[in-house]
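**Student:** There's a structure below that I have some questions on.
The numbers here are math on the coordinates, done by the rules we state, and not lab data. Given the structure is predicted, the values throughout are model-derived calculations rather than measurements. Cβ sites come from the backbone with ideal geometry, for glycine too, and all protein chains shown count toward neighbours.
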Amino acid sequence: METDVLIIGGGPAGLAAAIETATRGLDVTIVDESSSLGGQLCQQTQLIRPLPSVYQPMRGFELAKVLTEQINDFTVGTLLNHRVIGLYADGSVGLSDEEKVFPVKAKKIVVATGAAEQAVAFPKWTLPGIITIGAAQTLVNRDFVMPGKEAVIVGSSDFALDVASQLLEVGVEVKGIVEKNPAAAAREKEKTDALIGRGIPFYFNSFIKEARGNGQVEEIDIEVNGEILTVSADVVCIDGGRSPILDSFYQLGCSFGYQKELGGWIPQYNRQFKTDRENVFLAGNAAGISQQGALLLTGMIAGISICEDLQTIRSGEAEEIRDALWEELKLSEYKDVWEGRTKHIEKFSSPVLKDQFIS
Amino acid sequence: MDKTTIICRCEEISYEEVEEVIEHGGRTFDDVKRLTRCGMGPCQAKICTGLVANIIHEHTALPLSEIPLQRMRMPLSPIKLEILATNSTAFSAVKSVLDEVEIEDGKVR
């Protein structure tokens, strides 16, 4: 199979890259391992803002629909329920449809594989009922299943607090939010205030000492300022932050750098969102963890850069659009993330990790 | 952290076992993997990578930027051999473990 642009990952960034490239006449193929496009947006009922100027603020699943509808008007091949398993020696990407493996030869590749949630380990954290915060949201919003009756949330990022509210809405009792630092990690203070207003206890300078239960979690010990507090809970939601998913980049032979503000190890890339591998671009959380609006912008930049390379847009025009998108990106993400990204791009020619495959 | 805490849930590797590798000089995820099977289960290190890096960081004071990524091999997620081989005329062209070996002057580089 052959295509102009192969996009690995059909989440917000992948879809944004698909829109930019498909609307400029390129033959685009999106591959995603799940059964629908939109990625994590599909189960996000919270309002997503800020969004790039071409979109009104809307809920995550609505955004997924809006993005998907835009590519439906063009010839975009979508390979759902397909996963990337590796790379062929001739540079084509090996995909599997769970029946066979076949190569796809693309002129340009966009890796938009997103991010994975990180674990927080404590004694007996492997008990059933202890799940990630993202899993809790998927159960409630996508599968319409209550993950439990009494929940404890470990971590207090904006996303964790969004999900805490969503759990409350469906009748889960949130018994407390455990945060290791002296203040909530959420940047939007009103989220913390809203939960405090609803009587949800926040335990700061605290961590989970131990979970207990017979066959599934029944109670947990929280260490609060040196004292042990035992709380009964049948679901514990862990918010350990997220880190970029790098497997595809590694297979493609990309170089990596470490940037704490962007989620740790990430591929090296330049202002075009192009990696140091010929024809390999990237977008979204895989290029550094940021907010949804920023993820769309990174996809748009990667898309424009590909159009420029394949000459479906004039170079000067591409540069103009890209500058404008970068300006908007600066306004769309938190200052420290933006500074991390700027620093990361400066290091493009001096990566920390390179030639990983042969070592 | 409690020494019995599981770090790799697929292979049931405890904190203590990871610690032991570090005491023996292990400084990367792959060091821990080779000595304990940490990260070699069905999830293929998708859960424990960050946990192990943090333990190495805590024990050695190495910054996280000096604890390299683990090697990520094809296939990127578990797949049945049957599927890998079906209709595949170019099967051997998929980057395999053997492709990683580079010969230089008749010797493995």
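**Student:** For the range B:35-42, just list the computed ³J(HN,Hα) in residue order, Karplus coefficients 6.51, -1.76 and 1.60, θ = phi - 60°, integers in Hz, with x standing in for Gly and Pro.
**Tutor:** 8, 10, 6, 4, x, 9, x, x
**Student:** When we measure straight from the Cα of A:LYS149, which aspartates and glutamates land under 15 angstrom away, once same-chain ones fewer than 8 places off are left out?
**Tutor:** Of all the aspartates and glutamates, those that pass the test against A:LYS149 - Cα under 15 Å, at least 8 places apart if same chain - are A:GLU169, A:GLU173, A:GLU218, A:GLU219, A:ASP234.
**Student:** Could you quote the convex hull projected area for the range A:227-359, Cα atoms only and averaged over all directions, in nm²?
**Tutor:** The Cα convex hull of the range A:227-359, projected and averaged over all directions, gives 11.8 nm².
**Student:** Here's a follow-up. Where Rh denotes the Kirkwood radius from the mean inverse Cα pair distance, what is Rg over Rh for the range A:119-238?
**Tutor:** Details: Rg = 13.1 Å, Rh = 14.0 Å.
Looking at the range A:119-238, the ratio lands at 0.93.
**Student:** Could you tally the net charge around B:THR36, taking each other residue with its Cβ under 9 Å from the Cβ of B:THR36, Lys/Arg +1 and Asp/Glu -1? Don't skip to the answer; put the middle values down first.
**Tutor:** Numbers: positive: B:LYS33, B:ARG34, B:ARG37; negative: B:GLU11, B:GLU17, B:GLU20.
Computed value for this residue: 0.
**Student:** Quick one: give the max-minus-min coordinate of the C-alpha atoms of the protein assembly as shown along each principal axis, largest first, in Å.
**Tutor:** For the protein assembly as shown, the Cα spread along each principal axis is 63, 59, 42 Å.
**Student:** Kindly write out, for the range A:301-315 in residue order, the coupling ³J(HN,Hα) from the Karplus curve 6.51 cos²θ - 1.76 cosθ + 1.60 (θ = phi - 60°), rounded to whole Hz, with x marking Gly and Pro.
**Tutor:** 3J(HN,Hα) across the range A:301-315, in whole Hz: 5, 4, x, 4, 5, 5, 4, 5, 4, 8, 6, 9, 8, 5, 4.
**Student:** For A:VAL101, enumerate residues with amide H under 5 Å from its amide H, sequence gap 5+ or separate chain, H modeled in the peptide plane.
**Tutor:** Excluding prolines and chain starts, which carry no amide H, the hits are B:THR86.
**Student:** Same structure again: If eta is 0.890 mPa s and T is 25 °C, what Stokes-Einstein diffusion coefficient results for the range B:6-66, Kirkwood Rh from Cα pairs, in µm²/s?
**Tutor:** This corresponds to a translational diffusion coefficient of 220 µm²/s.
**Student:** Using amide H atoms built 1.01 Å from N in the peptide plane, name the residues 5+ places from A:TYR334, or on other chains, whose amide H lies under 5 Å from its own.
**Tutor:** A:GLN291
**Student:** Among the aspartates and glutamates, which fall within straight-line cross-link reach of A:LYS335, defined as a Cα-Cα distance under 15 Å, with same-chain neighbours fewer than 8 residues apart omitted?
**Tutor:** Qualifying aspartates and glutamates at Cα under 15 Å: A:GLU188, A:GLU261, A:GLU327.
**Student:** Using θ = phi - 60° and the Karplus relation 6.51 cos²θ - 1.76 cosθ + 1.60, list the HN-Hα couplings for the range A:92-109 in order, rounded to whole Hz, with x at every Gly or Pro.
**Tutor:** My calculation for the range A:92-109 gives 7, 9, x, 10, 10, 9, 6, 10, 8, 10, 9, x, 10, 9, 10, 5, 9, 10 Hz in order.
**Student:** What ranking of A:ILE153, B:ILE13 emerges when the number of other C-beta atoms within 10 Å of each C-beta is taken as an exposure proxy, fewest first?
**Tutor:** Starting with the residue having the fewest Cβ neighbours, the order is B:ILE13, A:ILE153.
**Student:** Another question, if that's okay. Need one value for B:49-55: mean number of C-beta atoms belonging to other chains within 10 Å of its residues' C-beta atoms.
**Tutor:** Values: counts 7, 11, 5, 0, 3, 3, 1.
The shielding value for this peptide is 4.
**Student:** Sticking with this one: Using modelled amide H (1.01 Å from N, peptide plane; none on Pro or chain starts), what sits under 5 Å from the amide H of B:CYS8, excluding residues fewer than 5 places away?
**Tutor:** Hits under the 5 Å cutoff: B:ILE13.
**Student:** On to the next question. Determine the distance separating the Cα centre of the range A:169-225 from the Cα centre of the range A:92-144; give it in Å without decimals.
**Tutor:** 25
**Student:** Suppose R0 equals 35 Å. What FRET efficiency, 1/(1 + (r/R0)^6) with r the Cβ-Cβ distance, do B:GLU23 and A:SER349 give to the nearest 0.05?
**Tutor:** Numbers: r = 38 Å, r/R0 = 1.08.
In this case the efficiency is close to 0.40.
**Student:** Quick one: what do you get for the range A:42-106 if you divide its Cα Rg by 2.2 N^0.38 Å? Show your work: numbers first, answer last.
**Tutor:** Working: Rg = 16.5 Å, N = 65, 2.2 N^0.38 = 10.7 Å.
Normalised by 2.2 N^0.38 Å, the Cα Rg of the range A:42-106 equals 1.54.
**Student:** Arrange the following residues from fewest to most other Cβ atoms within 10 Å of their Cβ: A:LEU79, B:LEU51. Please list the in-between numbers first.
**Tutor:** On the way: A:LEU79 19, B:LEU51 24.
Final ranking by Cβ density, sparse to dense: A:LEU79, B:LEU51.
**Student:** Taking the radius of gyration and the Kirkwood hydrodynamic radius from Cα positions alone, what is the Rg/Rh ratio for the range B:1-41, to two decimal places?
**Tutor:** Working: Rg = 9.2 Å, Rh = 9.9 Å.
Rg/Rh for the range B:1-41 comes to 0.93.
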